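One structure below.
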Amino acid sequence: MNNRTFGVNPYDMSIITITSCPICGCNDLKKAFNAVDHFATGEVFPVCRCSRCGFHLTNDFPSEDIIGQYYDSPDYISHSDSKKGLIHRLYHFFRKRMLRKKISLVASQATGNPIRLLEIGCGTGHFLEAAKKEGWLVSGIEKDEKARKSAINRTGLQVKKEDEFWLLENNSFNVVTLWHVLEHLEKLNETIHKIGEITTPDGIVVIALPNCHSYDAGFYKELWAAYDIPRHLWHFTPATVEELLSKHGLTIIKKISMPLDAFYISLLSEKYRGSNLFIRYGRAFGVGTIGFLRSLSNPAQASSLIYIAKKSEETNRKE
Ligand SMILES: [Zn+2]
């Protein structure tokens, strides 16, 4: 893809500037707002909006060579098993619940037997471990070395580095999962294209993403914790996910809302807002509840969504 240049300064290879929308190719990207990296550095990053398709993206953002420093905190929740503090405890409580939900979701949607599953961005390997216990043939990709080692220890599986993803053979997996991972990946189109290749004709692709058109995103605006810049490069809505996937021959067959995320994200957003403890929990509960109730009737307002996609019949005919 030729839609990125390196930096305002051409010698600065550490900052990437996106010059055209990765979804629709439009060159008119305008700054929508500034967001602060509340989690790690306090640095400010602009979030731009494509004037044609409305896609939001962090722009400029740090390249893969230096992005590691923005995750470099014992607090980075999906890479850590720390149970300190209420937010961490809530995260681990939800993670346990979500693990069961994810397993039953994959079991109900997958068609192949045996299930051959690849998890892209497997973190410390909890989902892989649960999937392995189901008797599925599972493998994972994780670029963070510490998380990868922890996943290998936990599962006894060969968890691969990111560069090995590009070498995977076509039609290798009947389930490919990305649980809150795609928004972190610099090579957006290339990744979706490769996923299409390695998925079998009747396989499924499962992608969980925050939804920046959710009720809680609208409430917290630039303080919405799931913008999580600059770790999140891309900020999806159901419409932009559909457009991206269809470009690569994938059709969404099911969308499932993850309404409980609204409580967790609202709590983090209140923390970023600097609210005192009483207001923090009270308002986060209020916003989470409204978001949860609204998402029951309209999943497009859910804080996060799980998209299940298949290769379109046209794509399968061409292969
Ligand atoms: Zn666009």
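The values are calculated or read from the model by the stated rules, or taken from the named source; none is laboratory data. No experiment lies behind these values; they were computed from the predicted model shown. We place every Cβ from the backbone using ideal geometry, glycine too, and count neighbours over all the protein chains shown. To get the accessible areas, we keep the full protein, side chains included, count just its heavy atoms, and leave off ligands, DNA and RNA. Shrake-Rupley method; radii C 1.70, N 1.55, O 1.52, S 1.80 Å.
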*Over the chain, what percent of the accessible surface lies on carbon and sulfur atoms, probe 1.4 Å?*
53 percent
*Quote the relative contact order of the chain in percent (integer), defining contacts as alpha-carbon pairs under 8 Å separated by 6+ residues.*
16 percent
*Only helices at least 27 Å long along their axis, Cα-based, and averaging -0.5 or more on Kyte-Doolittle count here, so list those DSSP H runs from the chain.*
86-109, 277-297
_Per-peptide average of other Cβ atoms within 10 Å, ordering 254-262, 62-70 highest first_ = 254-262, 62-70
*Cα-centre dipole for the chain with unit charges at Cβ (Lys and Arg positive, Asp and Glu negative), debye to 20*: 1200 debye
*What distance in nm separates the simple spin-label points at Gln158 and Asn276, each placed 7 Å from Cα in the Cβ direction?*
5.8 nm
*Taking H as built 1.01 Å from N, whose amide H comes closer than 5 Å to the amide H of Ser63, not counting residues under 5 places away?*
Ile15, Ile16
_Could you give the length gained by full extension between Ser63 and Glu243, i.e. 0.36 nm per residue of separation minus their alpha carbon distance, to one decimal place?_
62.3 nm
*Return the whole-Å distance between the Cα centroid of region 241-274 and the Cα centroid of region 127-146.*
22 Å
*Contour minus Cα-Cα distance for Thr251 and Leu90 (0.36 nm per residue)*: 54.6 nm
_Surface accessible to a 1.4 Å probe, Tyr272 within the full protein complex, Å²_ = 50 Å²
*Pull up all non-local amide H partners of Ala208: gap of 5 or more, or a different chain, and H-to-H distance under 5 Å with H placed in the peptide plane.*
Leu178, Trp179, His180, Val181, Tyr307
*Find how much the distance from Ile290 to Glu134 grows on full extension, using 0.36 nm per residue of separation minus their present alpha carbon separation; answer in nm with one decimal.*
52.6 nm
*Averaged per residue, what accessible area in Å² does the chain show with a 1.4 Å probe, protein chains only?*
46 Å²
